[in-house]
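Below you'll find the structure, written out as structure tokens, and then a few comments.
Taken together, the values in this text are just the output of simple stated rules run on the coordinates, not laboratory data. Note that the structure is predicted; figures quoted are calculated from it, not measured. Cβ: placed from backbone, ideal geometry, glycine included. Neighbour counts: every protein chain shown.
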């Protein structure tokens, strides 16, 4: 009970480090979601519209990548942005850019897979009508994305929720540096290990509120898109 009271006191009192950690975590998640959506949504739409040999294999590959553990994703990105890697000159390792890049790689297949799966629920006659009217690939993709905007919104919310709650990528690529790359999840892991439960609980409550908000918005998107 004392720990819960201390957690509420940290949030209500505007404790600087706690709120700085919350702000950094949400900022990293927002940018990584944007970077994942930019290629992820077009890829999902292209898989939905495409008629090519190996389409099933491509869809299966995207779904398989989505299930890769976060630490494996972190290790993969680490090999690229480390000093000996091809992107080492950008100095992304143990910096906010590294966390954002890793989280965007983590969220990208989720956005693509959910976009593809959701767009399949659209009326199949919609795509056939576009083909009949002579719409080109880009115009058909644009029309499909507009028609499936609620499905796309669900995939974006799911991606944001995943990167906000992950810890492996942030720890490996950001280094959990105070006032710089520390996120809510890495702080919870650190403080809980040190026995400082007040801040860990306060950040856990914020993560819980974020999860509830995402589920609520997803419910609204499903209801409006029905």
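If r is the Cβ-Cβ distance from residue 150 to residue 19 and R0 is 35 Å, what FRET efficiency results, to the nearest 0.05?
E(calc), rounded to 0.05, equals 0.60.
What distance in nm separates the two pseudo spin-label positions at residue 67 and residue 5, each 7 Å out from Cα along the beta-carbon direction?
Each label point is offset 7 Å from its Cα along the Cβ direction, giving 4.8 nm.
In whole percent, what relative contact order does the chain give with Cα contacts below 8 Å and a gap of six or more residues?
Relative contact order comes out at 32 percent.
7 Å from Cα along Cα→Cβ at both residue 219 and residue 52: what's the point-to-point distance in nm?
Rounded to a tenth, the inter-label distance reads 4.1 nm.
Let me have the 222 nm mean residue ellipticity of the chain computed from DSSP H runs of 4+ only, each contributing -39500 (n - 2.57), with the sum over all residues rounded to the nearest 500.
The helix-only estimate for the chain comes to -26000 deg cm²/dmol at 222 nm.
Here are labelled values, (1) -0.44, -0.63, -1.08, -1.23; (2) -0.49, -0.68, -1.09, -1.24; (3) -0.33, -0.51, -1.14, -1.47, and one is the computed log10 I(q)/I(0) by the Debye sum over Cα atoms at q = 0.09, 0.11, 0.16, 0.18 Å⁻¹ for what I pasted. Which one?
Structure-derived value, by its label: (1).
For the chain, set up a GNM with springs between Cα atoms under 10 Å and report which of 215, 91, 176 has the largest fluctuation.
In the Gaussian network model the winner is 91.
Of the listed peptides 152-163, 45-56, what is their order by residue-averaged count of other C-beta atoms within 10 Å, with the highest listed first?
152-163, 45-56
According to the square roots a ≥ b ≥ c of the eigenvalues of the Cα gyration tensor, what is the shape class of the range 136-226, taking rounded for a/c under 1.5, prolate for a/b larger than b/c otherwise, and oblate for the remainder?
oblate
Please give, to one decimal in nm, the separation of the simple spin-label points placed at residue 142 and residue 76, each 7 Å out from Cα toward the Cβ.
Roughly 3.2 nm, to one decimal.
Working out 0.36 nm times the residue gap between residue 12 and residue 84, then minus their Cα-Cα distance, what length gain in nm do you get to one decimal?
21.5 nm
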